[in-house]
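First comes the structure, then the notes that go with it.
The values are calculated or read from the model by the stated rules, or taken from the named source; none is laboratory data. Since the structure is predicted, the reported quantities are computational estimates derived from the model, not experimental observations. Here the Cβ positions follow ideal geometry from the backbone for every residue, glycine too, while neighbour counts run over all protein chains shown. Calculation scope for accessible area: heavy atoms of the full protein, side chains included, ligands and nucleic acids excluded. Shrake-Rupley method; radii C 1.70, N 1.55, O 1.52, S 1.80 Å.
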Amino acid sequence: MRRMIVLAALLVGWPAASEVTKSDPGGFVSMHKLVIAAPPDKVWDTIARPSLWWSKDHSYSGDAANLSIDPRPGGCWCEKLAGGAIEHARVIYADRGKVLRVDGAFGPLQSGAVMGTLTFALKPEGQGTAVTVTYVVGGYHPAGLASFAQPVDGVLAAQMPGLKAAAESPAT
């Protein structure tokens, strides 16, 4: 957990299409927008396979192959660990090719009474897909949530190039 905070703090630049749109002691909103040169169904299928695009550097196990999403309501965004597993989030809305929404407090946010809703919204755009990723976080953390806004936004921003590359790959 501490490793994730340190890695997030080391991020120095975020893509122009990412932004913390609101931040205060009780919560924050992080938003990322990108266009992927693949149809919405392929992008959705790629999102549902985080082992293809999530960075191992932002995992507990150090291996993205241990990440999975069961893309149905109640499904788990989970990670296998050597001695067990962690549930990062639970799927609350799944509409293939349109929306995947999960509830969960990722990484160091799990150490407080924090809730987060991460939404991947997909819309056709030309021959590709416009993707908006929004993470709305609220609750209580002894350190306050405003201090997490930029590091969490940076971690999410760091995943977007991997998502784009995986979805655009002919192999996926």
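On the given criteria, is F148 assigned to a strand (DSSP E or B) and either in contact (Cβ under 8 Å) with a residue 40 or more places away in the chain or among the hydrophobic types (A, V, I, L, M, F, W, C) (or both)?
No; evaluated as a whole, the condition is false for this residue.
Looking only at region 156-172, count every residue that is modelled with pLDDT of 95 or more and open to solvent by 20 Å² or more (accessible area, probe 1.4 Å) and tell me the total.
Residues meeting the conditions: 7.
Being among the charged types (D, E, K, R) and farther than 20 Å from P71 by Cα is the filter here, so list the residues in region 102-143 that pass it.
Correct list: E125 only.
Scanning region 36-70 for residues that are more than 13 Å from the chain's Cα centre (by Cα) and part of a loop (DSSP other than H, G, I, E, B), which turns out surrounded by the most Cβ atoms within 10 Å (Cβ to Cβ)?
Taking the candidates together, the pick is A38.
Could you tell me whether region 123-131 includes any residue that is of a type in the set (G, A, S), assigned to a strand (DSSP E or B), farther than 24 Å from K42 by Cβ and open to solvent by 20 Å² or more (accessible area, probe 1.4 Å)?
no
Could you grab the pairs with beta carbons closer than 6 Å, sequence gap of 6+ or different chains, first residue in region 152-168 and within 13 Å of V131 (Cα to Cα), second one open to solvent by less than 10 Å² (accessible area, probe 1.4 Å) and part of a helix (DSSP H, G or I)?
A167/V43; A167/T46
Residues of region 93-147 being more than 22 Å from K33 (Cβ to Cβ) and of a type in the set (S, T, N, Q), which ones?
Answer for region 93-147, where residues must be more than 22 Å from K33 (Cβ to Cβ) and of a type in the set (S, T, N, Q): Q110, S111, S147.
Can you pull out every residue in region 71-110 that is more than 12 Å from the chain's Cα centre (by Cα), open to solvent by less than 70 Å² (accessible area, probe 1.4 Å), over 12 Å from I47 (Cβ atoms) and of a type in the set (G, A, S)?
Within region 71-110, G74, G75, G84 meet the criteria.
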